[in-house]
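The values are calculated or read from the model by the stated rules, or taken from the named source; none is laboratory data. Just so it is clear, the model here is predicted, and its values are computed rather than measured. Note that we place each Cβ from the backbone using ideal geometry, even for glycine, and neighbour counts take in every protein chain shown.
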Ligand SMILES: [Zn+2]
C-alpha cells in the first residue's frame, strides 16, 4: 500500500488545483487510502493516481502515485 503522507514534512493534508482556474484549490486529507475533502464542494475534481497534488504545509508537490 502506498504511503499517504508528504515525503518531506509528513503532512496528510494536500490540495489539488482546479485545471481550469489555478486560484481555485481543493484541500483534502488522505486517510486509509482515500481522500476526504475538507470542505463540501459541489464539484471536486476527480483524484487519480496521476493527479498533480500539492502539500498544504511545505513545498512538496507531485503526483499522488509518487507519495512516500
Ligand atoms: Zn509537506
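Take residue 26 and decide whether it is more than 16 Å from the ligand (Cβ to nearest atom) and surrounded by 15 or more Cβ atoms within 10 Å (Cβ to Cβ). Lay out the reasoning, then the answer.
On the way: more than 16 Å from the ligand (Cβ to nearest atom): yes; surrounded by 15 or more Cβ atoms within 10 Å (Cβ to Cβ): yes.
Considered against the rule, which asks whether it is more than 16 Å from the ligand (Cβ to nearest atom) and surrounded by 15 or more Cβ atoms within 10 Å (Cβ to Cβ), residue 26 comes out as yes.
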Some residue of the range 51-67 being in contact with a helix residue (DSSP H, G or I) (Cβ under 7 Å, 6 or more places away or on another chain) and either modelled with pLDDT of 85 or more or assigned to a loop (DSSP other than H, G, I, E, B) (or both): yes
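Can you say whether residue 15 is part of a strand (DSSP E or B), without any contact (Cβ under 8 Å) to a residue 60 or more places away in the chain and surrounded by 14 or more Cβ atoms within 10 Å (Cβ to Cβ), as far as the supplied structure shows?
Values: part of a strand (DSSP E or B): yes; without any contact (Cβ under 8 Å) to a residue 60 or more places away in the chain: yes; surrounded by 14 or more Cβ atoms within 10 Å (Cβ to Cβ): yes.
It is true that residue 15 is part of a strand (DSSP E or B), without any contact (Cβ under 8 Å) to a residue 60 or more places away in the chain and surrounded by 14 or more Cβ atoms within 10 Å (Cβ to Cβ).
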Test set (1) within 16 Å of the ligand (Cβ to nearest atom); (2) under 11 Å from the mean Cα position of the chain (by Cα); (3) without any contact (Cβ under 8 Å) to a residue 12 or more places away in the chain - residue 4 fails condition number: (3)
Filtered residues of the range 35-53 (kept if surrounded by 13 or more Cβ atoms within 10 Å (Cβ to Cβ), closer than 19 Å to residue 66 by Cα and without any contact (Cβ under 8 Å) to a residue 24 or more places away in the chain): 35
